[in-house]
Amino acid sequence: MDNKTWLLYGANGYSGERAARAAVQRGERPVLAGRNEQAIRKLANELALPYRAFALDDISLIREQLWDIGMVVHAAGPFSATSLPMLRACLASSVHYTDITGEIAVFEKAQELDREARKAGIVVCPGVGFDVIPTDCVAAVLHESMPDATTLALGFDGNLRPSRGTARTALEGIANGIFVRRANALRRVARDFELRRIDFGRGERRAAVIPWGDLSTAAWTTAIPNISVYVPEKGSRLSLKLFGAQRLLLNIPAVSNFLLKKIAAAPPGPKVINGRSEGEMYVWGEARNAQGDVVEARLRTANGYDVTVEGMLLAGEKLMNHKGRGGYFTPSQIFGKRIIEQFPNSSEIAVSDRRVKAAS
């Protein structure tokens with residue numbers, strides 16, 4: 001892509017600004033973009049980078065901003081509202097598209113556009129941050145170890161204080177309910193569905209399922225029909241039983257607006273010291289086949305926001321030089337199933353060295 005560069009949309013958000021600063025430190029010069037011209041201009045002037053201010057209301061106007069762009073890293077959520085206009089503009093302009101979503105609906109819609117992306121010759125790869133890059137790599141490695149797996153469980157644990165944008169997205173996701181994938185279809189379940197104890201990498205903890213994007217990405221990567229995603233659960237069983245009532249409350253505008261105001265007043269994200277966020281993350285996965293054999297994998301990474309910044313820059317570096325076919329890809333498919341191991345402060349993906357017969 002001679003004479004083209006990449007565009008970072010949402011550069012004034014928590015992850016976007018961190019990625020912009022990290023890009024400059026590595027000698028890259030992305031175009032910064034976003035809806036808020038004052039905030040984008042201020043950051044661009046500080047970093048001596050070009051910038052563009054535009055909203056995502058009109059696809060034709062978005063296309064006008066992509067005339068010299070080879071790829072977009074989209075970092076302005078909630079992606080359920082913002083991803084499709086940018087993705088449509090990228091398809092129409094033959095521009096590679098990535099984002100940092102974790103929202104199931106965004107992945108599902110992007111997968112529906114696989115054929116259009118192939119025709120346009122562009123890569124469409126949502127979810128180039130945490131947790132999708134680490135968990136997608138774990139899923140791919142487990143599937144390689146057990147090609148006949150019929151059930152996949154993934155999960156993560158760590159000190160990941162959400163940014164404002166992540167908190168808003170999580171609030172929207174909770175209001176929609178809890179899901180797992182069964183027989184290749186998303187299934188809504190109760191909050192206390194299939195509670196289990198899991199050692200994510202720092203001791204066994206009680207864990208519960210969450211409606212995370214891996215229900216879509218891991219299915220695309222592995223074709224395993226039954227998938228669940230877990231995180232540690234600190235609430236009582238009663239609080240889990242009451243989740244349905246809590247979800248209904250979140251759909252009341254007065255309640256959701258109150259919580260959104262609380263989110264807006266919170267710190268923008270976790271503390272950053274010498275360019276790194278405090279805390280590390282532990283990623284776990286388990287594959288089972290019809291015979292009851294089990295293979296486990298574990299991985300340790302830097303704080304999720306550090307992983308997200310690395311993923312955004314990886315996308316900018318790799319896709320500007322992409323020579324392969326177009327289409328929808330998950331991170332492990334386009335960057336490699338062990339790419340997470342190359343990220344700073346990441347361990348190797350440790351897979352159990354033998355199959356262990358599941359307890360009957």
Study note, to complete from the structure: Any aspartates and glutamates whose Cα falls less than 18 Å from that of LYS4, other than same-chain ones fewer than 8 residues away, would be GLU28, GLU64, ASP68, GLU317
Check your understanding: Toward the positive end of the charge dipole of segment 55-131, about the Cα centre and with charges on Cβ (Lys, Arg +1; Asp, Glu -1), which of LEU87, ILE100, PHE130 goes farthest?
Key -> LEU87
Study note, to complete from the structure: Quick calc, segment 14-160, dipole around Cα centre from Cβ unit charges on Lys, Arg (+) and Asp, Glu (-), nearest 20 debye, gives 600 debye
Study note, to complete from the structure: In this structure, among LYS109/LYS323; LYS234/LYS337; LYS42/LYS119; LYS42/LYS323; LYS42/LYS109; LYS42/LYS337, pairs with alpha-carbon gaps over 27 Å are LYS234/LYS337; LYS42/LYS119; LYS42/LYS323; LYS42/LYS109; LYS42/LYS337
Exercise for review: State the Cα centre-to-centre distance between segment 1-59 and segment 196-222 in whole Å.
Suggested key: 33 Å
Review point. With θ set to phi - 60° and the Karplus curve 6.51 cos²θ - 1.76 cosθ + 1.60, what are the ³J(HN,Hα) couplings of segment 107-122 in order, to the nearest whole Hz, using x for Gly and Pro?
Key: 5, 4, 5, 4, 5, 5, 9, 4, 5, 5, 5, 4, 5, 7, x, 10
Revision key, fill the gap. Between PHE179 and residues 5 or more places away or on another chain, the pairs with built amide H atoms under 5 Å apart involve VAL189
Practice item. Just check segment 47-101 against the gyration tensor rule for me: Cα atoms, a ≥ b ≥ c as the square roots of the eigenvalues, rounded for a/c under 1.5, and otherwise prolate or oblate depending on whether a/b exceeds b/c. Key: rounded
Exercise for review: Would you mind getting the accessible area per residue of segment 68-138, heavy atoms of the protein chains only, 1.4 Å probe, in Å²?
Suggested key: 27 Å²
Revision key, fill the gap. Spelling it out for ASN289: with amide H atoms placed in the peptide plane at 1.01 Å from N, the residues 5 or more places away or on another chain with amide H under 5 Å from its amide H are THR150
Point to revise | Additional length obtainable on full extension of the chain from ARG115 to LYS42, 0.36 nm per residue less Cα span | key: 22.4 nm
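The values are calculated or read from the model by the stated rules, or taken from the named source; none is laboratory data. Because the structure is a prediction, the values reported are computed rather than measured. Note that each Cβ is placed from the backbone with ideal geometry, even for glycine, and that neighbours are counted across all protein chains shown. Accessible surface is based on the protein model in full, side chains and every heavy atom, while ligands, DNA and RNA are left aside. Shrake-Rupley method; radii C 1.70, N 1.55, O 1.52, S 1.80 Å.
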